[in-house]
Structures are given as C-alpha cells and as structure tokens.
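Student: After the structure tokens below, expect a handful of questions from me.
Bear in mind that the values in this text are calculations on the coordinates, not laboratory data. For clarity, every value in this text was computed on a predicted model and none was experimentally measured. Here the Cβ positions follow ideal geometry from the backbone for every residue, glycine too, while neighbour counts run over all protein chains shown.
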Amino acid sequence: MLRHGELVVDTSQRTVHRGDEELQLTHKEFGVLELLLAAQDRIVSAEELLERVWDEQADPFTNAVKITVSRLRTKLGDPPVIQTVAKSGYRI
C-alpha cells in the first residue's frame, strides 16, 4: 500500500482510492502514480517515467508522459496531488 493523504494505492490489487471513491486508471496512469508515490518526494524526470512505465520501444521525444500526467491529474481531482517541477520532472 502506498499512501498520500486521502490517496491510497493498493499495489497488489492495482486499485486506487481517493477518500471513499475508487478511481479507474489505465495501466500507464497507474504505473506513473505508483512510481511517483514510491519516490517519496523525490523528483522523477519524464525520462525516468518513460523508461520505467513504458517499454523500451517508446519514442524518447514523445509527449506521452505529459499527456498521461495531465489525464491522471484530472482523475485525481482537487486538491492537486502531482506537482510539476520546472525543467526537472514531477513529484507528489
């Protein structure tokens, strides 16, 4: 289990709850969230997310990470959980 405030990620069941609501995430969204929570406040670069959540065939110049983080932020709702650190990456 990974927790941040009212956000609970069950890594074995692959479920995510924010408060009483269960969130439906795609495989990639779940992977990004799990990696950011496991990083425990460390900034995770887009390159690291791409390398660890996507496969080795992923284009390093793709905007897939940015799009996935944006969709994930929408699903997680307010107050925001994911912070963008300019020119560095993301953290929770």
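Student: How about the chain: which chymotrypsin sites (Phe, Trp or Tyr not before Pro) there lie in a loop by DSSP and see at most 11 other Cβ atoms within 10 Å?
Tutor: Those that pass, being in a loop and sparsely packed, are PHE61.
Student: Would you grab the residues whose amide H sits under 5 Å from the one on LEU23? Only those 5+ places off in sequence or on another chain, please, with H modelled 1.01 Å from N.
Tutor: VAL16, HIS17, ARG18
Student: Find me the longest stretch of the chain that has none of the exposed trypsin sites (Lys or Arg not before Pro), where exposed means in a DSSP loop (not H, G, I, E or B) with at most 12 other Cβ atoms within 10 Å.
Tutor: Counting at most 12 other Cβ atoms within 10 Å as exposed, the longest clean stretch of the chain is 43-86.
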